[in-house]
Amino acid sequence: MKKTVDVSIPLGPVHPCWKEPVRLKCETAGERVLRAEVELGYMKKGIERIMRGRPWQEVMFLAERVCGICSVVHNMVFIEAMEDISAIAVPPRAAYLRVIVNELDRMASHILANFSYCYTIEHETLAMYLLNTRETVLDNLERITGSRINTAYMIPGGVRFDLLPEDAAAMLADLAKVEDEMRRYTGIFETGPLIALRSKGIGVMSREEAIRAHTVGPTARASGVVCDLRLRHPTYRELGFEQVTRTEGDNFARVMVRFQEVFQSIDLIRKCVDTLPEGPIRGGGLCKAGETSYSGEAPRGELTYSVKTDEYGRVLDIAIRTPSIMNIEACAHSMIVDAASIADVTSTFISSDPCIACNER
Amino acid sequence: MRSIVYYVREFLRPEWLKDFFFVKTAPLETPSYFKGYPTLTDKECTQCLTCMMICPAPGAIAVLRKKDRWEPEIYPGHCIRCGLCVEACPEGVLSSGRILDVTHRDKTAFSSWYRLEVDDTLCMRCGNCCVSCPVNREVDPQLAGTGTSASDEVIMRIEGGRVTILHEEKCTGCKTCETNCPNRAIRVARMVEGVQGEEAEA
């Protein structure tokens with residue numbers, strides 16, 4: 001039977017629920033969405049073009065300005081790519097400190113994503129609570145690195161600042177508070193009947209669809225795909241790392257994966273602080289000429305930096321592949337079509353945690 | 001009905017009420033670890049230009065002559081508050097948060113220098129780079145218009161039809177040679193390395 005399109009509804013580029021401009025064109029029959037199309041390109045920065053020809057000392061600052069929410073991981077992946085090219089060894093203490101800062105950044109990103117989802121399904125109280133908790137996480141990021149967003153913490157061969165024992169103690173105390181609060185909010189989210197009505201069984205993406213669409217990060221893990229690149233990272237392997245997976249593949253599962261990953265991050269930070277090796281935080285070594293493609297796990301999924309450098313450490317060519325692009329496409333093609341009504345399109349889209357700033361470099 | 005009861009019970013818990021009535025506000029005092037714009041301390045600037053060399057943001061810092069002394073000036077519109085200038089300054093002229101304390105305690109520092117690269121296929125031996133270089137001019141005021149010099153102490157000179165780099169370590173990274181080269185044959189690369197331990201103390 002041929003489906004007839006009633007009306008085509010554009011959502012965005014300016015929408016009260018969306019943090020960044022993106023346009024979603026939904027073709028609908030009644031309340032049901034038949035097709036959706038994503039239109040990007042409202043905030044192109046041209047940052048890859050700016051990076052070319054500059055020494056890595058400048059590019060590492062530009063890299064963390066690709067995205068304001070997961071800036072630490074952009075810095076980390078770029079610098080690990082450069083270390084991969086130049087065979088620079090990182091002292092163990094620096095590697096652990098990198099993990100601590102990266103996990104704090106991941107927590108901040110996941111809590112913001114969940115805030116955004118709760119805000120979209122009109123649970124503003126929980127949303128504001130989550131933002132309040134995120135402040136504590138950002139305060140700790142500031143305590144270690146001196147900044148809240150663009151931290152400039154990692155340098156090739158190490159990190160810039162050491163973790164003081166009293167800072168570590170204060171951070172652990174704060175994290176205990178964050179864990180308490182997050183357990184409470186997770187409980188509200190898990191058991192709230194109104195939340196369940198807007199989340200469970202909506203925007204379902206099966207495991208096969210997730211694999212076919214090459215989704216990454218919590219979006220894929222919520223559908224039961226093993227895709228966490230931290231499993232391959234040497235420091236994370238030392239810490240004994242297991243990824244969080246759920247099988248439902250709906251909005252609820254995606255948000256719950258993020259909630260559970262926050263607890264996992266807290267555990268990882270505690271393990272890091274407990275087993276923090278002694279020693280230097282900076283190693284030597286200069287950049288060599290070479291070419292590499294290095295992937296790391298950003299809060300939203302796989303982040304790849306393909307870099308080519310000359311012997312002076314200048315970046316001749318760089319290409320960034322950020323996680324959100326496939327998630328957004330998968331969202332448009334499979335998740336939104338399964339949404340129950342037009343009202344669920346926004347929340348389904350937000351549940352995949354789209355980052356437009358990352359996509360439009 | 002069940003959901004209303006659920007939410008009423010949830011929002012009447014003591015923790016909820018405490019959170020509601022004693023809302024956490026933003027800190028009114030800037031914490032000591034906050035990395036702000038670099039500010040001047042009372043130490044004397046020796047015009048070594050390390051801060052300008054290490055700064056990743058173009059036009060964020062300049063060392064200017066003020067009456068009887070040199071003074072670094074920060075342009076907040078360009079500064080990205082990375083704090084590298086504070087960490088790199090050997091005299092401790094600038095301060096921002098507790099970067100200086102940490103640097104002192106961890107014995108960390110940055111060492112930075114410049115490297116010059118000449119592309120022989122593009123270079124046409126005009127000598128503009130050697131003549132325009134302010135360090136070359138200072139070392140050898142008699143430097144000829146084609147870039148030939150009698151002194152061995154210059155950064156670079158034309159020898160046998162090609163630019164020869166003699167004293168790379170003297171380069172201050174002003175990039176005058178790069179701007180004056182008609183063919184973009186000469187390039188200046190900034191090299192920075194983070195060091196720690198005895199090396200950093202020296």
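How big is the accessible area of A:Glu248 in square angstrom, nearest 10, if you roll a 1.4 angstrom probe over the protein chains?
We get 80 Å² for A:Glu248.
Which value in deg cm²/dmol, rounded to the nearest 500, describes the helix-derived mean residue ellipticity at 222 nm for the protein assembly as shown, given -39,500 (n - 2.57) per DSSP H run of n ≥ 4 and division by the residue count?
Calculated from helices alone, the mean residue ellipticity at 222 nm is -12000 deg cm²/dmol.
Per-residue accessible area for A:Asp84 at 1.4 Å probe radius, Å² rounded to 10?
80 Å²
Let's test the formula: R0 of 51 Å, r as the Cβ-Cβ distance of B:His167 and A:Met43. What FRET efficiency results, to the nearest 0.05?
Step by step, r from the Cβ atoms, then E = 0.60.
Using the structure shown, select from A:Lys308/B:Lys170; A:Lys271/B:Lys35; B:Lys43/B:Lys107 the pairs with a Cα to Cα distance greater than 24 angstrom.
A:Lys308/B:Lys170; A:Lys271/B:Lys35
Nearest 100 Å² is fine: what is the total accessible surface buried where chains A and B meet, probe 1.4 Å?
3900 Å²
Tally Lys/Arg at +1 and Asp/Glu at -1 over every other residue whose Cβ is under 14 Å from the Cβ of B:Arg162; what's the total?
-2
Using R₀ = 60 Å, calculate the FRET efficiency as 1/(1 + (r/R₀)^6) where r is the Cβ-Cβ separation of B:Ala144 and A:Ala319; round to 0.05.
In this case the efficiency is close to 0.85.
Along the Cα-to-C-beta direction of B:Asp19, a point sits 7 Å from the Cα; which residues of region A:163-184 have their amide N less than 17 Å from that point?
A:174-184
As I understand it, the value is the acute angle between the Cα axis of helix A:124-145 and the longest principal axis of the Cα atoms of chain A; what does it come to in degrees, rounded to 10?
Between the helix axis and the principal axis of chain A, the angle is about 10 degrees.
What residues from region A:107-144 fall in the zone where the backbone N is under 16 Å from a label point 7 Å along the Cα-to-C-beta line of A:Asp6?
none
In whole Hz, what ³J(HN,Hα) sequence does region A:79-86 give by Karplus (6.51, -1.76, 1.60; θ = phi - 60°), x for Gly and Pro?
Rounded to whole hertz, the list is 6, 5, 5, 5, 5, 4, 5, 8.
Counting other Cβ atoms within 10 Å, keep those with at most 16, restrict to DSSP loop, and tell me which GluC sites (Glu not before Pro) in region B:1-55 are left.
Sites meeting the loop and neighbour criteria: B:Glu29, B:Glu44.
Can you compute the label reach from A:Glu242? Point 7 Å from Cα along the Cβ direction, backbone N cut-off under 13 Å, restricted to region A:199-219.
none
Normalised by the residues of chain B, what does the relative contact order come to in percent, with Cα pairs under 8 Å and at least six apart?
19 percent
What nm value, rounded to one decimal, do you get for the distance between B:Glu159 and A:Glu311 when each label is placed 7 Å out toward the C-beta?
So the two model labels end up 1.8 nm from each other.
Please enumerate, by chain and number, the lysines with C-alpha under 19 Å from the C-alpha of A:Lys19, excluding those fewer than 8 residues away in the same chain.
By straight Cα distance, A:Lys19 reaches A:Lys44, A:Lys45.
What Kirkwood Rh does region A:306-361 have if only Cα atoms enter the pairwise 1/r average? Answer in Å.
Mean inverse Cα-Cα distance, inverted, gives 13.3 Å.
The values are calculated or read from the model by the stated rules, or taken from the named source; none is laboratory data. Here the structure is a predicted model, which means the values were calculated and not measured. FYI the Cβ positions are ideal-geometry reconstructions off the backbone, even for glycines, and counts take in every protein chain you see. Each accessible area value is taken on the protein alone, full model and side chains, heavy atoms only, with ligands, DNA and RNA left out. Shrake-Rupley method; radii C 1.70, N 1.55, O 1.52, S 1.80 Å.
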